[in-house]
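Take a look at the structure set out below.
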Amino acid sequence: MLGQVFKKPQKWSIFFENFFKEIEELGLKSIGIVAFISFFVGGVVAIQTGLNVDNPWIPKYLIGFATKRAIILEFAPTFMAIILAGKVGSYITSSIGTMRVTEQIDALEVMGINALNHLVLPKVISTVLFYPFIVLLAMFLGILGGWVSGFATGLFTSDQYIMGIREDFKPYLIQYSLIKTMVFAFMIATIPSFYGFYVKGGSLEVGKASTKAVVWTSVVIIVLNYFLTQMFLG
């Protein structure tokens, strides 16, 4: 399948038109849910860390440090990828699957169009290029949510939290997270496309394929997360 996907597009004008359309459908329309979840989960992480740091010998700035590390290393790239696998993956499978069962893909192939390249390549390129920006937004809002939670609960001060964010800051960790994001984005675009493109039957089978695609995309993301962490940080 990937061999057909990564062939040269027959018409670059149509490719770029589909590319920008997919950025809107798969990226821009996902910013709202990502921003909402990132802000409040960042606040929850900071509150839970603050409630567990009740030893007077443990400095309060570690709350900001722990929140920063948790969000940058795991929450923003991995948790957001799983959320997008559910939202975007089901959309990709259902849209391509519907085209398959209504014979629209057959019509493209009859006209001599490489259907996989036409339908899947813009999705792959748009997600791989755009999702790192979504994850950077998730990092920022998650850390901001932790900072705001300090005002709401009084568990720590703004100075203590900012000191923790600045403590032992390593830009490489952000690069690592963005590399993971691009790998996960590739999986989010290709696995659901596979299940949608090769679905057989009617609307019921499209629904089953969407569920299966979300499950397997999430499983692959978790497994790849383990190996990528061992590879880059081990």
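Each reported figure results from applying straightforward, stated rules to the coordinates on display, with no laboratory input. This structure is a prediction, so every number in the text was calculated from the model and none was measured. Note that we place each Cβ from the backbone using ideal geometry, even for glycine, and neighbour counts take in every protein chain shown.
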Cα-centred dipole magnitude for the chain, charges only on beta-carbon of K, R (+1) and D, E (-1), debye, nearest 20: 240 debye
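Which trypsin sites (Lys or Arg not before Pro) from region 1-84 combine a DSSP loop assignment with at most 10 other Cβ atoms within 10 Å?
Details: sites: LYS7, LYS11, LYS21, LYS29, LYS60, LYS68, ARG69; in loops: LYS7, LYS11, LYS60.
Here the sparse-neighbourhood loop sites are LYS11.
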Rounded to 10°, Cα long-axis angle of helix 80-101 versus longest principal axis of the chain: 10 degrees
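In what sequence do GLU22, GLU17 fall when counting other Cβ within 10 Å, fewest first? Kindly include the intermediate steps, with their values, before the conclusion.
On the way: GLU22 23, GLU17 12.
With the fewest neighbours first, GLU22, GLU17 line up as GLU17, GLU22.
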Charge dipole magnitude, Cβ of K and R +1, D and E -1 - region 98-168, Cα centre, debye nearest 20: 60 debye
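Only helical DSSP H runs with n ≥ 4 go in: add -39500 (n - 2.57) per run for the chain, normalise by residue count and round the 222 nm mean residue ellipticity to 500 deg cm²/dmol.
Details: 10 runs with 182 residues, N = 234.
Taken over the chain, the calculation gives -26500 deg cm²/dmol.
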Part-to-part distance (alpha-carbon centres) for region 196-234 and region 17-76, which is given in Å: 23 Å
Listed pairs LYS170/LYS212; LYS123/LYS212; LYS11/LYS212; LYS60/LYS87; LYS7/LYS29; LYS29/LYS68 exceeding 30 Å between Cα atoms: LYS170/LYS212; LYS11/LYS212; LYS60/LYS87
0 to 90° range, to nearest 10: angle between helix 31-52 axis and the chain longest Cα axis: 30 degrees
